[in-house]
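Rule-based calculations on the coordinates, nothing more; no lab input. For clarity, every value in this text was computed on a predicted model and none was experimentally measured. Cβ placement follows ideal geometry from the backbone for every residue including glycine, while neighbour counts extend to all protein chains displayed.
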Amino acid sequence: MHPKKAIAALLLQILSGLAVFACSNLWAQSPELSSSTPGAPALAKEASAPLTLPAAIDLALAANPELSAATNEWRAVEGTVIQAGLLPNPEISTMVEDTADKETRTTTIQINQLIELGGKRSARVDFAERELGMAAAALSAKRLDVRASVVGAFFDVLVAQERVQQAGDLYGIAQRATEAAARRVIAGKISPVEESKARIAEASTRIDLNQARSELLAARKRLAASWGSPEPNFERVEGQIDSLPAIPSAEEISRRLNSSPALASARYDAARFAALVELERANRMPDLTVSLGSQRVEELGRNQTIVGLSIPLPIFDRNQGKVREALRRADKARDELKAIELRLGTEVAQSQERLKALVAEAQTLQSEIVPGARSAYEAASKGFELGKFSFLEVLDAQRTFFQARAQYLRSLAEAHRTSAELERVLGSVDSISPDLEKSP
């Protein structure tokens with residue numbers, strides 16, 4: 001065989017072996033990829049039955065577009081970890097000297113392989129794994145955000161349904177009061193002015209009913225938007241309107257706050273910059289390039305083996321600027337971690353106190369104020385029908401009762417919203433954190 005052909009065949013075998021090794025290494029490290037993404041946002045299909053809070057949360061966690069985006073970001077960073085662990089590709093080069101004269105021509109073919117020194121590859125993998133941890137913490141935080149927004153929107157719908165019911169009851173009562181006033185005017189027991197007041201009150205309750213229906217429609221759309229549905233396909237939500245959220249103890253808050261996604265993300269950020277410092281320090285070490293090839297000298301009529309080593313001399317650039325930048329950014333990340341710890345502690349303490357106040361307010365309204373106002377209103381209505389009270393007294397008792405009921409519903413909604421916000425900050429490790437061992 002001609003020497004050139006022998007060299008070419010040898011190099012082809014070497015390159016084929018390297019390609020097989022690289023492919024096997026890639027398949028060993030890479031997860032199975034598919035053109036379809038399981039976590040892609042899809043239009044949620046709500047049941048026609050009444051929607052419960054657990055079902056609404058499941059729908060949002062399965063199809064929320066922002067949550068799907070965070071999931072895809074986490075999977076993208078998995079690719080960064082894979083890429084960080086790969087070896088540099090070899091290079092093949094050829095050079096021909098004296099192309100005009102075949103008798104004196106010299107042909108050189110060689111393979112160059114870069115060998116990383118100083119632990120660059122392990123430092124790069126460590127840095128990428130910290131980024132993966134940050135993406136996982138961000139995904140967990142986004143799940144908690146979605147859950148908190150669903151809880152708040154669900155109780156907004158539940159309260160809006162109750163307000164529509166309340167406004168409808170009030171409108172029916174106002175209609176009956178107008179009819180009673182008309183009968184008493186015909187009987188000559190009251191002035192026609194009283195009937196006019198009753199009709200004005202009826203018109204006002206009709207306006208309140210229309211407004212309550214409009215607020216219910218808007219609340220239903222906000223809830224459906226949490227799982228990517230443009231229109232609410234559920235008929236109504238079902239839940240305990242009078243149930244109050246539990247107040248976590250100080251010990252539980254301290255334990256859960258220490259493992260909250262926000263703090264986990266800040267800790268990963270600090271660890272990421274610490275890993276970046278080690279990576280930049282490793283980059284100060286120059287890399288070695290090993291060359292192996294063959295040279296054919298036609299004038300001599302023989303082949304020569306070429307072996308070479310090359311390494312940059314770190315005289316001017318020792319990566320000192322990048323090391324300094326990484327050190328300062330690591331200091332900044334540690335300071336931000338302390339600031340986040342203080343801020344979250346303050347926010348949680350404020351939310352806990354607000355939740356206590358709202359629960360106490362709702363309990364007082366539920367047990368004392370609303371029943372008393374209802375009793376006074378029922379007594380005034382019966383007394384008006386019997387001619388013992390004026391219609392103004394009925395209106396005043398009616399206004400007091402429904403204002404107390406509306407305040408109670410607002411307290412309930414705010415209490416559940418505050419509880420959901422507290423859960424969002426504290427996190428729920430058992431049901432919300434992503435499983436890093438498999439796709440979410």
Sites matching trypsin sites (Lys or Arg not before Pro) across segment 82-150 that sit in DSSP coil, with at most 11 neighbouring C-beta atoms within 10 Å: Lys102
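What order do you get for Met285, Met95 when you list them from fewest to most C-beta neighbours inside 10 Å?
Details: Met285 16, Met95 11.
Fewest-to-most ranking of Met285, Met95: Met95, Met285.
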query: How much FRET efficiency would the formula 1/(1 + (r/R0)^6) give for Asp331 and Ile82, where r is the Cβ-Cβ distance and R0 is 35 Å, rounded to 0.05?
result: 0.70
query: Between Val237 and residues 5 or more places away or on another chain, which pairs have amide H atoms under 5 Å apart, with H built 1.01 Å from N, and which residues are they?
result: Leu51
- prompt: For segment 215-299, which GluC sites (Glu not before Pro) are both in a DSSP coil and crowded by at most 13 other Cβ atoms within 10 Å?
  reply: Glu235, Glu299
statement: Simple SL model, points at 7 angstrom along Cα→Cβ for Lys382 and Arg284; separation in nm is 9.1 nm
message: Between Asn258 and Asn210, what is 0.36 nm times their sequence separation minus the Cα-Cα distance? Round to one decimal in nm.
response: 12.6 nm
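In segment 51-138, which GluC sites (Glu not before Pro) are in a loop and have at most 12 other Cβ atoms within 10 Å, using DSSP for the loop call? Mind dumping the intermediate values first?
Values: sites: Glu66, Glu73, Glu78, Glu91, Glu97, Glu103, Glu116, Glu129, Glu131; in loops: Glu103, Glu116.
Within segment 51-138, the qualifying GluC sites (Glu not before Pro) (loop, at most 12 other Cβ atoms within 10 Å) are Glu103.
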- line: From the cross-link list Lys221/Lys356; Lys189/Lys388; Lys197/Lys382; Lys120/Lys322, the entries with a Cα-Cα span beyond 21 Å are Lys221/Lys356
statement: Taking a straight Cα-to-Cα line shorter than 12 Å from Lys332, and setting aside same-chain aspartates and glutamates fewer than 8 residues away, one finds Asp269
message: Could you tell me the center-to-center distance, by alpha carbons, between segment 280-304 and segment 188-219 in angstrom?
response: 93 Å
